[in-house]
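Okay, so here's the structure we're looking at.
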Amino acid sequence: MNPSPNPPASPSPSPSPIEFWFEFGSNYSYLSVMRIEQTAAWFGATIEWRPFLLGPIFKSFGWSTSPFLMQPWKTEYVWRDMERECRKFGVAWTRPSRFPRTALLPSRVALIGAEKPWMAEFCRRIMQANFVADQDIDTPAVVGEVLTQMGLRAHEIIEAAQQEANKLRLRDQTELARTKGVFGAPTFFAGGEMFWGNDRLDDALAVCRDLNPR
């Protein structure tokens, strides 16, 4: 039997995903949140958004706060480094008057939105509220304003985010981060490899690209 003159085209492979583990109180997560959507598209990768809380992970190490605050010289270095990195990536920056800020509510909302089309914009706006507007992001007023400005039903989303089942999801997600070996944010997983830090975002995305050559 002669082969069909017009065989069906092979299905295009799905873009390789990058797992993006981030924390709204993390300054280096801010840098990644602000650029990951555009950068991932350039590399041909999809994003799996994984909000979690660093506090419980730090406590498991015996730390009561961010390691950036434990040594004064490290603290000053980090703030200077943020100035340089924000200038390099062209994002606004205001040194927060409170650091690290708690982010329970925005993290719970992010779980609700993790697979929704508004997720990336929500994360960028919350990060800007923290690291540009210097606002307390862990309040219904700030989170509600962000959602409303996006044209979303803020009350309904916040109510769903505060349900016990969703609170448990965030605890479970944070525990999953710990079991995967996450010790800081941002952390990326690509092709089974872990990459830590905003400066490793492109390396992780390169792995995604190589797993799915165009």
What are the pairs with Cβ atoms under 6 angstrom where one residue, in the range 61-78, is closer than 18 Å to residue 177 by Cα and small (Gly, Ala, Ser) and the other, located anywhere, is open to solvent by less than 80 Å² (accessible area, probe 1.4 Å) and part of a loop (DSSP other than H, G, I, E, B)? Sequence gap at least six, or different chains. 66/100
All positions within the range 38-47 that are open to solvent by 30 Å² or more (accessible area, probe 1.4 Å) and either in contact with a strand residue (DSSP E or B) (Cβ under 7 Å, 6 or more places away or on another chain) or closer than 26 Å to residue 167 by Cα (or both): 46, 47
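Is at least one residue of the range 62-85 of a type in the set (Ser, Thr, Tyr), surrounded by 19 or more Cβ atoms within 10 Å (Cβ to Cβ) and in a helix (DSSP H, G or I)?
No; the residues of the range 62-85 include none that is of a type in the set (Ser, Thr, Tyr), surrounded by 19 or more Cβ atoms within 10 Å (Cβ to Cβ) and in a helix (DSSP H, G or I).
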For residue 50, state whether it is out of contact with any Pro (no Cβ under 9 Å at 6 or more places or on another chain), in contact (Cβ under 8 Å) with a residue 12 or more places away in the chain and open to solvent by 60 Å² or more (accessible area, probe 1.4 Å). yes
Of the residues 101, 87, which is touching a residue at least 24 places away in the same chain (Cβ under 8 Å) and not aromatic (Phe, Trp, Tyr)? 101
Hits in the range 175-206 (condition: β-branched (Val, Ile, Thr) and in contact (Cβ under 8 Å) with a residue 40 or more places away in the chain): 182, 187
Quickly run through the range 114-132 and pick out the residues that are in contact with a Lys or Arg (Cβ under 8 Å, 6 or more places away or on another chain) and of a type in the set (A, V, I, L, M). 114
Can you confirm whether residue 147 is open to solvent by less than 20 Å² (accessible area, probe 1.4 Å) and free of Cβ contacts under 8 Å to residues at least 60 places away in the same chain? yes
From the list 161, 154, pick out the single residue that is closer than 17 Å to residue 102 by Cα, surrounded by 14 or more Cβ atoms within 10 Å (Cβ to Cβ) and either free of Cβ contacts under 8 Å to residues at least 24 places away in the same chain or small (Gly, Ala, Ser) (or both). 161
Just give me the residues in the range 107-139 being open to solvent by 10 Å² or more (accessible area, probe 1.4 Å) and in contact with a Ser or Thr (Cβ under 8 Å, 6 or more places away or on another chain), in sequence order. 132, 133, 134, 138
With the requirement that a residue be more than 16 Å from residue 125 (Cα to Cα) and not in a loop (DSSP other than H, G, I, E, B), what does the range 87-111 give you? 87, 88, 89
For residue 138, state whether it is in a loop (DSSP other than H, G, I, E, B) and of a type in the set (Asp, Glu). yes
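Hey, can you tell me all the residues within the range 174-214 that are within 22 Å of residue 67 (Cα to Cα) and part of a helix (DSSP H, G or I)?
Of everything in the range 174-214, those that are within 22 Å of residue 67 (Cα to Cα) and part of a helix (DSSP H, G or I) turn out to be 174, 175, 176, 177, 178, 179, 198, 199, 200, 201.
The values are calculated or read from the model by the stated rules, or taken from the named source; none is laboratory data. What you see is a predicted model; the values in this text were computed from it and never measured. Ideal geometry is used to build each Cβ from the backbone, glycine not excepted, and the neighbour counts take in all protein chains shown. Note: areas computed on protein heavy atoms with side chains; ligands, DNA, RNA excluded. Shrake-Rupley method; radii C 1.70, N 1.55, O 1.52, S 1.80 Å.
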